[in-house]
Amino acid sequence: MERYEVLDHTADLMIKGYGSDLEECYANLAYGMFDQTVDLRDVTPSETREVDVTGFDDEDALYSFLSELLFIEAYENIVLKEFDVKVDGLHITCTARGELLNRSKMRIRGEIKAVTFHMMDIDRDTPSVTVLFDV
C-alpha cells in the first residue's frame, strides 16, 4: 500500500494519507506534506522535534498537528521526514525527525502556505485522511 497520494485539485494541493490506523495515516500524510516541499530522499533524520496538540474535534486536532509541523519548517528551517504519531482522543503527540534545510543538498519542490479545513476528510473505516493545503 502506498503511504500517500496527491489528488487532483485545480488550484491547491490535496493529499490523501493511508495506513493501517489513524496514527499511521497522520504520519503518512505528514510525510506526504513534506515530500511535496522537498525531495525527502535527500533528508537525513538528524534533528528531533516534539509536537503536542489538542483540538476541539478530530478535524481541529489534525489541522493543529499539521499546522505545527509547517510552523517548525517555516520558523526553524527543519525539513521533517519521520513521524511517530500517537492519537489519544482529541490529543495528538508526535516525535518528528528531519534535518535543517540545506538548499545545496536538497531538491526543493514547492511551498505549502497553510493547512485548510476545506474538504478535510478523516475516514476511520478505510482508514485514510485527506487534507487540502494552500500553496
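One table, with the values for the structure above:
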| quantity | calculated |
| --- | --- |
| Sequence-distant aspartates and glutamates (8 or more away, or on other chains) whose Cα lies within less than 14 Å of K81 | E24, D35, D39, D42, E47, E50, E73, E99 |
| R0 of 35 Å, Cβ-Cβ distance T93-H9: FRET efficiency to nearest 0.05 | 0.75 |
| Packing rank of 119-130, 66-77, where each peptide gets the mean count of other beta carbons within 10 Å, highest leading | 66-77, 119-130 |
| Between 0 and 90°, nearest 10: helix 22-35 axis offset from the chain longest Cα axis | 30 |
| Candidate lysines - alpha carbon under 28 Å from K86, same-chain residues fewer than 8 apart omitted | K16, K113 |
| Taking region 1-102 and dividing mean pair separation by its residue count, relative contact order in percent (alpha carbons under 8 Å, at least six apart) | 28 |
| Nearest 10 degrees, 0 to 90: helix 58-76 Cα axis against the chain principal axis | 10 |
| Sequence-separation-based contact order of region 1-46, relative, with Cα cut under 8 Å and 6+ spacing, percent | 29 |
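Read-outs throughout are calculated quantities, based only on the coordinates presented, and are distinct from any laboratory measurement. These numbers were taken from a predicted model, which means no experiment stands behind them. Because the Cβ atoms are built from the backbone with ideal geometry, glycine has one as well, and the counts that use them run over all protein chains shown.
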